[in-house]
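So the structure is just underneath, and the comments pick up after that.
No lab work stands behind these numbers, since they all come straight from the coordinates. Just so you know, these numbers come straight off a predicted model, no measurement behind them. Note: ideal-geometry Cβ built from the backbone for every residue, glycine included; neighbour counts use all protein chains shown.
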Amino acid sequence: KKMRKKAAKPDYGKSGKLEKAKQVKKNGIVLKHVEPPNAAMPDKKWRIYVFKEDEIISTLHIHRQSCFFIGREKRVADIRTDHISCSKQHAVIQFKLKSKTNEVGETVTQIRPYILDLGSSNGTMLNKKKIESSRYYELLEKDILNFGSSSRDYVLLAAADDEE
């Protein structure tokens with residue numbers, strides 16, 4: 001008797017090729033965040049003032065791009081955190097277009113900053129409260145961000161229109 005080879009059945013399982021095609025890389029490193037369709041360049045001159053204890057140690061201008069990576073990875077992070085408790089890709093500040101209807105029924109659009117924790121090991125704090133991972137939180141002026149167990153405070157402010 002001759003043995004017949006069975007025809008291979010199709011495999012409909014995940015190959016990972018579609019996911020790989022969607023990956024965004026920066027300097028050879030796969031990013032944990034892809035900008036959403038409503039990402040937008042900020043229309044205000046936003047700044048982050050970095051405090052260590054009660055002293056300003058740095059001023060970061062965050063109005064020149066729509067997304068800022070925060071973390072320890074030198075090749076990816078736009079805002080570097082060198083503290084050991086911070087992840088390589090810890091969080092992201094994403095500017096997004098936000099639409100809302102005012103009292104008169106008109107649709108008003110604004111470009112607002114949001115914080116998104118990228119599944120970091122030690123979390124991100126917004127005004128001293130830990131935020132959920134993988135969820136956008138709208139940022140307001142004077143909000144304070146903390147990453148991991150770093151003692152640095154990152155205070156968000158928008159420059160006055162006449163300031164540069």
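Running a GNM on the chain with Cα contacts under 10 Å, which residue among G28, G13, G71 ends up with the highest mean-square fluctuation?
Taking springs between Cα atoms under 10 Å, the residue moving most is G13.
In the P(r) worked out for the chain, what percent of Cα pairs fall beyond 28 Å?
In whole percent, the long-distance tail amounts to 33.
Looking at segment 44-89 only, what percent of DSSP beta bridges run antiparallel? Nearest 5 please.
So the antiparallel bridges in segment 44-89 amount to around 75 percent.
Per residue of the chain, what 222 nm ellipticity follows from adding -39500 (n - 2.57) for every DSSP H run with n ≥ 4, rounded to the nearest 500? Don't skip to the answer; put the middle values down first.
Working: 1 runs with 6 residues, N = 164.
Calculated from helices alone, the mean residue ellipticity at 222 nm is -1000 deg cm²/dmol.
For the pair E138 and D78, how long in nm is the line joining their label points, each one 7 Å along Cα→Cβ?
2.1 nm
What's the FRET efficiency of R47 with K14 using the Cβ-Cβ distance as r and R₀ = 45 Å, to the nearest 0.05? If you can, show how the numbers build up before the last one.
Working: r = 43 Å, r/R0 = 0.96.
It comes to 0.55.
Counting only DSSP beta bridges with both residues in the chain, tell me the antiparallel percent, nearest 5.
For the chain, the DSSP antiparallel bridge percentage is about 95.
Can you tell me which of 101-107, 33-39 comes out highest on packing, and rank the rest after it, using the mean Cβ neighbours within 10 Å?
33-39, 101-107
Rank by packing, highest mean first: peptides 121-132, 77-88, with packing defined as the count of other Cβ atoms within 10 Å averaged across residues.
Numbers: 121-132: 14.9, 77-88: 17.6.
So the order, starting with the most tightly packed, is 77-88, 121-132.
Treating only the Cβ of Lys, Arg, Asp and Glu as charged (+1, +1, -1, -1), what charge dipole size does the chain show about its Cα centre? Round to the nearest 20 debye.
Charge dipole, the chain, about its Cα centre: 2380 debye, nearest 20.
With respect to the cross-link table entries K96/K130; K26/K88; K26/K52; K98/K129; K52/K74, which display a Cα-Cα separation exceeding 18 Å?
K96/K130; K26/K52; K98/K129; K52/K74
Please work out the FRET efficiency for the pair A39 and S85, using the Cβ-Cβ distance as r and a Förster radius of 30 Å; give the result to the nearest 0.05.
The pair A39/S85 has a calculated efficiency of 0.60.
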